[in-house]
Amino acid sequence: MVWMVISAFKPTSIEIIEHPWALPSQWTLGNFTEAWSRAGIGKTAMNSVIVTGGTLAATLGAASFAAYGLSRLVFPGRDRLYILLLLGLIMPIEAYLIPLYEQFRVVPYLGGYLNDSRLALILIYSGLGMPLAIYVLRAFMVGLPTSLDESATIDGCGPLGVFFWIILPLSRPALATIGIFTALSAWNEFLVAVLFIREPEIQPLTLGLQSFFGERNTDYHLLIAALSMIVLPMFALYALFSRQIVSGLTAGAVKE
Amino acid sequence: MGFFPLIAVILFVVLPALVVLWRAVRMTRTYGAFERRVRRELWGYMFVFPAYLFFVFIILIPTFGTFWLSFKVPLGQFAIEFRHGLGNYVTVMRDPNVHEAFLNNTFYLFATLIVEVLVGLIMAIILADDRRGFHFFRLLFFTPMMLSMVIVSLLWKFILRSEGGLLSHTLNAVGLSSLADTPWMAHPTFTLPTICLISGWIYAGFYLILFHAAIRRIPPSLLESARLDGCNEFQLNRHVTLPLMKDVSIVCVLICATGAFKAFDLFYVMSPSGANHTEMVATYLVKQILDYDDPYYGSTIAVLMTVVVFALSLIITAFQKRTDRLEF
């Protein structure tokens, strides 16, 4: 990766191929600006940010609700429902991609159809991330002491109140973990995006990269500059939250 | 598809909702009033409802759709759908490419168990302490997970290029030029193991994080008392740490094994075009859809793949129940 970032400063692609380990002969920022305009990174990055943000909100919201219901509230069929939701963990995405596409193609949306929209990507990524999110969040919430919500109930909280004032603040580490994993997969996803998105205006970053693969030659120096720009935000995010990730996976961190 | 989604919506959304409501009404009659207990149950369903909707529309209904499609074949150039019964399944069973793909997948499964789970476990044990540099290393090993598959494949293509690639360049520089000409990606014998290694490079960090979280959960008092009893570091790991991590290990094996049969993107972007020896079930499936324009046969393969993954996870979870869980 370090190699990638350093190589991004090299002026031509020939230099990258012939002297891969050497430092750049002259450090240049030109690649970054050129790559930026060529791939329309400003626009595609905006799309990626919208999609990733929407996915994060939908996944964290729905999954934390469900995890609370599945871990704290008692209702018939609860455990069977949980196992059903976990089935999503082992289902391969390729196994249901075609009907999924057909299903989105028949829904009209904003003058076009739902398959060619950012909303479709948000919905699909959320659906795909949901089982893992529920699994981790539920494991975490089961570990939280029940005496806390009992006392809150005595103080007059309903299920919603307990959820928002007690459980949600305590599950912050688990939420951070799931947030990171969800954001990573939405940011990097390629297969669904390439199949669903036709309109160049709403392409996410991973599709924007394709403009670097010319018919005859690939502009490696631009490509590498663009790759560096894609990787760095996620790396920064992970470096910020990495301690939270481990504590989020350590279920039941709160002791009575 | 026709009326299929409508039937599915009635089956998975309307029907369960009616059952829940009916139960609530009946309970209200029995207990006389819209009582606390009824309200509590309804809250439970309401909390799970949004996630359930996502699950039904994104995963469950399309899965049944695939099952539906797998019984059809395209008829002529107008692709009129035609009920074909079990014909596709007979073809799948006789298709030598499918056999090859399943064999490759099995090889990949065992290879990834070693280069991903085992390596991740060993790294987690080595990097278990909270020393200063170790946090940085854990961060470093997790980095490949953050890269998109497109980026990973591009990087490795740079590294493995036969002329002027990073690897052959380096091997030449240190005097191992006989090794430098190994056709890592071009020769049938090398391609699959090479991709397995790359896969290990990507995912070992992920298992490292999972195992690390498990190690952190072990109460320090246990390790303390084992040390007082005269354990050395090796015995400590063998007799205390590993048995306590059985649960997590089985989850990891489950993720790895089911993931191995789902493997797609790495192989799709890395394998040289037209190569058969790296064909995976998933890549063969997608090729059926994109290249041969036969989504019905693809769906049949998908159903087969789902059945295998399902059976595999049943076996592994059964193993989990048999091992007695250690409480701590």
Sequence ranges A:133-139, B:113-119, ranked by mean other-Cβ count within 10 angstrom, highest first = A:133-139, B:113-119
Counted neighbours (other Cβ, 10 Å), sorted fewest up, put B:Cys196, B:Cys231 in the order B:Cys231, B:Cys196
What ranking of A:Asp116, B:Asp291 emerges when the number of other C-beta atoms within 10 Å of each C-beta is taken as an exposure proxy, fewest first?
-> B:Asp291, A:Asp116
Please give the average number of partner chain Cβ atoms lying within 10 Å of the Cβ of each residue in A:65-75, rounded to a whole number.
-> 6
For the B:Leu314, B:Ala226 Cβ pair and Förster radius 35 Å, calculated FRET efficiency rounded to 0.05 is 0.50
Between B:Arg238 and A:Phe241, what FRET efficiency follows from the Cβ-Cβ distance if R0 is 35 Å, with the result rounded to 0.05?
-> 0.60
Are any of the pairs B:Lys157/B:Lys262; B:Lys72/B:Lys287; A:Lys43/B:Lys287; B:Lys72/B:Lys157 more than 29 Å apart by Cα-Cα distance, and if so, which?
-> A:Lys43/B:Lys287; B:Lys72/B:Lys157
Pop out the ³J(HN,Hα) list for segment A:189-202 in order, Karplus 6.51 cos²θ - 1.76 cosθ + 1.60 with θ = phi - 60°, rounded to Hz; leave Gly and Pro as x.
-> 4, 10, 4, 5, 4, 5, 7, 8, 8, 10, 5, x, 5, 10
Assertion target for B:Trp68, A:Trp187, ordered by fewest C-beta neighbours within 10 angstrom first, is B:Trp68, A:Trp187
Distance in nm between label sites at B:Ile114 and B:Val251, each 7 Å beyond Cα in the beta-carbon direction?
-> 2.7 nm
Given 0.36 nm per residue, what is the gain on full extension from B:Val90 to B:Leu15 after removing their alpha carbon distance, in nm?
-> 23.5 nm
How far apart, in nm, are two points set 7 Å out from the Cα along the Cα-to-Cβ line at B:Trp22 and at B:Trp68?
-> 2.4 nm
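Only the coordinates and a few stated rules stand behind these numbers; no lab work does. Remember, predicted model here, so these are calculated numbers, not experimental data. We place every Cβ from the backbone using ideal geometry, glycine too, and count neighbours over all the protein chains shown.
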